[in-house]
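The values are calculated or read from the model by the stated rules, or taken from the named source; none is laboratory data. A quick note: this is a predicted structure, and the numbers were derived from the prediction, not measured. Note that each Cβ is placed from the backbone with ideal geometry, even for glycine, and that neighbours are counted across all protein chains shown. Just the protein is used for accessible areas: all its heavy atoms, side chains included, with ligands, DNA and RNA removed. Shrake-Rupley method; radii C 1.70, N 1.55, O 1.52, S 1.80 Å.
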Amino acid sequence: MNNVQKARLSGTLGQKIVQIAAYLSHSEDLKIQKLSFRDQSCAILYVDVLVKPESVQSNIMQPLKESVSGNVEQNLVAFAVNKSPELVRVGQLLLEGCCAIITAEDEAAIMVRVPQAHNRSIEEPRAEQVVKGPHDGFIEDLSTNIYLLRNRIKHPNFKVNYMTFGTVTNTRTAMIYMDRLANPAIVAECEKRLGELELDYLYSAGNLDEMLEEHPMSPFPQTLQTERPDRVVSYLMEGKIALIVDGSPSVLILPITFFSFYQSPDDYNSRWLTGSFFRFIRLISFILAICLPAIYIAIVTYHSEVLPIGILYSVKVSLTYVPLTPILEAILMQIILELLKEAAIRLPNPISQTIGIVGGLVIGTAVVEAQLVSHTMIVVIGLTAIASFVTPINEFGTSLRILGFPMMAAAAMFGFFGIAIMLMLIFIHLCKIQTLGVPYFTPFGPYQGKNSFKDVLLRVPLWTFNKTERTREGSLVKQAVFGRWKRR
Amino acid sequence: MNAPKVSKPQLFFLIIKTQIGIGLLSLPSDIHHLAKRDSWISVLAAGMVIQIVLFAYWLLLRQFPNQSMGQITERILGPYAGKAVNVAYYVFFILIASYASTLYVQLIQLWMLPLTPGWVLFLLIVGTSVYLAVDRLDVIARFFVLASILFAVLLLISVMNFMNPVHLSNLLPVGRSGTMPVLQGSERTFFAMLGFEVTLYFYAQVEGNRAGMLRVMSLANAFVTLFYTYFVFLCLIGFSPVALEQINEPVLFILKGLAYRLIDRIDLIFLTIWIIPMTATIVSYLSLAGRSLTARRPAYRKLVALSGVLVFATGWCLSTIEQMKSFSQWLEYGYFLMITAVPAILWLASLLVRNKEKAGAA
């Protein structure tokens, strides 16, 4: 293996070609074209699926054939020309969409970038639609994704660091942040962690997420994945770091805090009163999604005296013929709900509508009429499901539904006491975890002044955001969440 | 353990969360046995006493701004006597935590889960407390600050009481009970308001300068005193004197009278929320226990875990004792000495030590 790493191109033209072909496993999509450049013979090698034939034709072949003076490099019509004698490097560049030109005399191969791109068009991400605001989304191509961000932040401090992960897949990854705005300690920590990664393959942003997490056993996601450029821009302006993986439309944001999962671009694109109202509704949904079934179970099993006699009567009557205990009832309904969701999520639209009808109408009503499950339980589970879908980031909603299960178990065993203890455990956990050294529950964690609360429970008007000063000279001054900033 | 620092507001919440706990629920009827209608004056008087104690703490801690109580004792009394005092503190913290959790479990069994075995409840409470207490002080503070939002909810619920018939005339005439009963009442209140001694250990971990520390401590005391006075006052005007003597947990009982179309037993909701301050108290004592014997992080974690086991075992034993009354009296007076007399003596000693040093230098 070491020999291959150090191998250089050598020998006659034919030997060099064989060397490269052997390195690429004699794959048949490696095309080799011999031609003569003025009297000297040379060869052009490329992987034909990765390059654009027209560019090879017009930028390399034609100029070389028609040239009258100068050497090979001077005749090429290309903007990115590399020269390398190392076999590994040549092979890598060939796989990145380069075209190699080798001559008998020159030891180094001349590499010209002529990549072919088959990209999906820029569309609104399906999982994160907004009512108002930009409707573009990231795609699977790294360059396009960086373009989408650069196009929104035209500032010299916008910094991109390229890295490559995966010894097999060689996936390009970009780490983007605003220099001088992002906390250097956080950037250094992130770079350190990324530097220590050793992977064979990197398929998606999700893989990277799992490798970077500090608390893998936590039910809460510790990085935020989004497909919305406007969202990423807003986080970059808050001094956070974005990681983009080539081939994945999800962008990782870190360090992230709990409350980021409850913010949506919609809040900022509508008026502040509307934004705050919805923010508030979402935060209530957090508690509802975790607790509602548990509260119901606790009430019907332990604390029925909490309900006045009128309501208690109707609840208990609907429970009379139900053969299951409330906890089993709740778990059964939650699982049915997840089944329906999982079944519908990947099917084409017309079929998934059928599932919706079968699930919602047929199972929902039939199960009550058959007295397998009580009316109230259907209402409770329905509300819980809706509350968990309210979170703007889908992943977080799933975490909430999963947390609902231990909560229900605690309620079934210890009633309200169990709920209180479980909630305490959840909140203690939230206070404990950190992402990249930033407490997850910021700003409730370390107190950082009144300003840090402005965008948490409510979305206060943008003009109330004061400039928060940075300590270092010449650093950027953050003025607003979606805001303007200027050099001081 | 030097690194994590808490801010002054966080210290405020650390103190009030420790102080407000199980004691309040039965306090109004406890004092009423002694001070009758002037119970509320007793609470205020207890607050004054605590203020004096806090002032003594401040005088002591001011001289050792970066050392916690465990280090101060060893510095003033020397390594052996200091260690002995620290071990005594440790034992008392464990006993107080066990006593508090015993009362806590009895309360839960009485009001919520009469059939659940006590040890399960002990396990849940102590387990949750240890989970938080092993972590750094700033994490504990973070949780306490967050949980303090619930005080707003509790106050809101308590305001509903004014929809019940209230008799302000129950309080009149003011001062009829006389001085001694009021003072006896404030003695009881003092023990219900324990928890201010956390300052002895957390003071050193507050960031920033030491100016304004006394103010934070006093504000916390004022808040707790007023909070307690308010609830005692509510019970005094809500119950007739005869009824108040017969009820164990008047603060919960008074809410039982409220009924709405959607919800009938507000007291259960109140108790559910009250579980959090009650657990917070145990968290604080476990953390104090850890801090009283060690200042190093890994040792602290192990010690807190061990203390959790001890609290669990002691609490369980306590719950089987029939004569809780005599035990609690003994415990309270012993503890009283530990948190008032010992710091005061240490303060005086510190003056002497410092003078001696000065003399030696001259």
Worksheet item: Can you spot a residue in the stretch B:58-66 that is among the aliphatic types (A, V, I, L, M) and open to solvent by 30 Å² or more (accessible area, probe 1.4 Å)?
Response: no
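Identify, please: which residue in the stretch B:212-237 is within 30 Å of B:Pro65 (Cα to Cα) and in contact with a Lys or Arg (Cβ under 9 Å, 6 or more places away or on another chain) and is, among those, least open to solvent (accessible area, probe 1.4 Å)?
Our first condition is that a residue be within 30 Å of B:Pro65 (Cα to Cα); within the stretch B:212-237, this holds for B:212-227.
Imposing the further condition that a residue be in contact with a Lys or Arg (Cβ under 9 Å, 6 or more places away or on another chain) reduces the set to B:212-216.
Values: B:Gly212: 37, B:Met213: 0, B:Leu214: 43, B:Arg215: 169, B:Val216: 18 Å².
Among residues in the stretch B:212-237 that are within 30 Å of B:Pro65 (Cα to Cα) and in contact with a Lys or Arg (Cβ under 9 Å, 6 or more places away or on another chain), the one least open to solvent (accessible area, probe 1.4 Å) is B:Met213.
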Worksheet item: Of all residues in the stretch B:235-251, which are at pLDDT 85 or above and within 21 Å of the chain's Cα centre (by Cα)?
Response: B:Cys235, B:Glu249, B:Pro250, B:Val251
Worksheet item: What number of residues within the stretch A:386-443 are within 14 Å of chain B (Cβ to nearest Cβ), in contact with a Gly (Cβ under 8 Å, 6 or more places away or on another chain), in a helix (DSSP H, G or I) and not aliphatic (A, V, I, L, M)?
Response: 1
Fill in: Positions within the stretch A:1-57 being within 26 Å of A:Ala117 (Cβ to Cβ), open to solvent by 60 Å² or more (accessible area, probe 1.4 Å) and of a type in the set (Val, Ile, Thr), in sequence order
A:Ile32, A:Val49
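Give the residues of the stretch B:127-146 that are of a type in the set (A, V, I, L, M) and open to solvent by less than 10 Å² (accessible area, probe 1.4 Å), sorted by residue number.
Of the stretch B:127-146, the ones of a type in the set (A, V, I, L, M) are B:130, B:132-134, B:137, B:139-141, B:145-146.
Listed by number, the residues that qualify are B:Leu132, B:Ala133, B:Leu137, B:Val139, B:Ile140, B:Ala141.
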Item to complete: Answer yes or no: is there a residue in the stretch A:214-221 that is open to solvent by 10 Å² or more (accessible area, probe 1.4 Å) and touching a Pro at 6+ places or on another chain (Cβ under 7 Å).
Response: no
Discussion item. Of the conditions (1) open to solvent by 20 Å² or more (accessible area, probe 1.4 Å); (2) touching a residue at least 24 places away in the same chain (Cβ under 8 Å), A:Ser260 satisfies every one except a single condition; which number is it?
Written reply: (1)
Item to complete: Quick one: in the stretch B:243-289, of everything that is within 9 Å of chain A (Cβ to nearest Cβ) and basic (Lys, Arg), which residue is least open to solvent (accessible area, probe 1.4 Å)?
Response: B:Arg265
Worksheet item: Residues of the stretch A:180-221 being polar (S, T, N, Q) and more than 15 Å from A:Ser250 (Cβ to Cβ), which ones?
Response: A:Asn183, A:Ser218
Worksheet item: What number of residues within the stretch B:109-138 are without any contact (Cβ under 8 Å) to a residue 40 or more places away in the chain, assigned to a helix (DSSP H, G or I) and at the interface with chain A (Cβ under 7 Å from one of its Cβ atoms)?
Response: 2
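Go over the candidates A:Arg193, A:Arg231 one by one and state the one that is within 12 Å of the chain's Cα centre (by Cα) and either open to solvent by 10 Å² or more (accessible area, probe 1.4 Å) or not aliphatic (A, V, I, L, M) (or both).
Working: A:Arg193 fails: within 12 Å of the chain's Cα centre (by Cα).
Of A:Arg193, A:Arg231, the one residue that is within 12 Å of the chain's Cα centre (by Cα) and either open to solvent by 10 Å² or more (accessible area, probe 1.4 Å) or not aliphatic (A, V, I, L, M) (or both) is A:Arg231.
Which of the following residues is more than 14 Å from every other protein chain (Cβ to nearest Cβ), surrounded by 16 or more Cβ atoms within 10 Å (Cβ to Cβ) and at pLDDT below 85: A:Lys467, A:Lys478?
Values: A:Lys467 fails: surrounded by 16 or more Cβ atoms within 10 Å (Cβ to Cβ).
When all the criteria are applied, what remains is A:Lys478.
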Response to the item:
Of the conditions (1) open to solvent by less than 30 Å² (accessible area, probe 1.4 Å); (2) modelled with pLDDT under 90; (3) within 28 Å of A:Gln434 (Cα to Cα), the single one that B:Thr116 does not satisfy is (3)
Worksheet item: What is the number of the single condition among (1) open to solvent by less than 30 Å² (accessible area, probe 1.4 Å); (2) more than 10 Å from chain A (Cβ to nearest Cβ) that B:Ser240 does not meet?
Response: (1)
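Look at B:Ser292 and say whether it is buried (at least 19 other Cβ atoms within 10 Å of the Cβ) and farther than 16 Å from B:Phe122 by Cβ. So that I can check it myself, show each step before the final result.
Values: buried (at least 19 other Cβ atoms within 10 Å of the Cβ): yes; farther than 16 Å from B:Phe122 by Cβ: yes.
The answer is yes for B:Ser292.
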Item to complete: Would you be able to tell me the number of residues in the stretch A:307-346 that are over 22 Å from A:Arg401 (Cα atoms) and open to solvent by 40 Å² or more (accessible area, probe 1.4 Å)?
Response: 10
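Filter the helices (runs of 4 or more DSSP H) completely within the stretch A:287-377 down to those with at least 2 residues that are more than 41 Å from the chain's Cα centre (by Cα).
Those helices (runs of 4 or more DSSP H) span A:309-319.
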Worksheet item: Taking the stretch B:295-337 as the search range and keeping residues that are closer than 25 Å to B:Thr128 by Cα and of a type in the set (S, T, N, Q), which one is modelled with the highest pLDDT?
Response: B:Ser307
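Please return the ranges of helices (runs of 4 or more DSSP H) entirely within the stretch A:1-116 where 3 or more residues are under 28 Å from A:Ser143 (Cα atoms) and over 37 Å from the mean Cα position of the chain (by Cα).
Values: elements: A:2-6, A:13-23, A:62-66, A:72-75, A:87-95.
Because the criterion is at least 3 residues that are under 28 Å from A:Ser143 (Cα atoms) and over 37 Å from the mean Cα position of the chain (by Cα), the helices (runs of 4 or more DSSP H) in the stretch A:1-116 that meet it are A:72-75.
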Discussion item. Against the conditions (1) closer than 30 Å to A:Ile176 by Cβ; (2) without any contact (Cβ under 8 Å) to a residue 40 or more places away in the chain, where does A:Val306 fall short? Just the number, please.
Written reply: (1)
Discussion item. So, in the stretch A:239-254, exactly how many residues are closer than 18 Å to A:Glu128 by Cβ and either of a type outside the set (A, V, I, L, M) or open to solvent by 20 Å² or more (accessible area, probe 1.4 Å) (or both)?
Written reply: 4
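Of everything in the stretch B:161-172 that's part of a helix (DSSP H, G or I) and surrounded by 14 or more Cβ atoms within 10 Å (Cβ to Cβ), which residue is nearest to the other protein chains (Cβ to nearest Cβ)?
Residues of the stretch B:161-172 that are part of a helix (DSSP H, G or I), as a first pass: B:161-163, B:168-171.
From what's left, surrounded by 14 or more Cβ atoms within 10 Å (Cβ to Cβ): B:161, B:170-171.
Details: B:Asn161: 18, B:Asn170: 28, B:Leu171: 32 Å.
Selected residue: B:Asn161.
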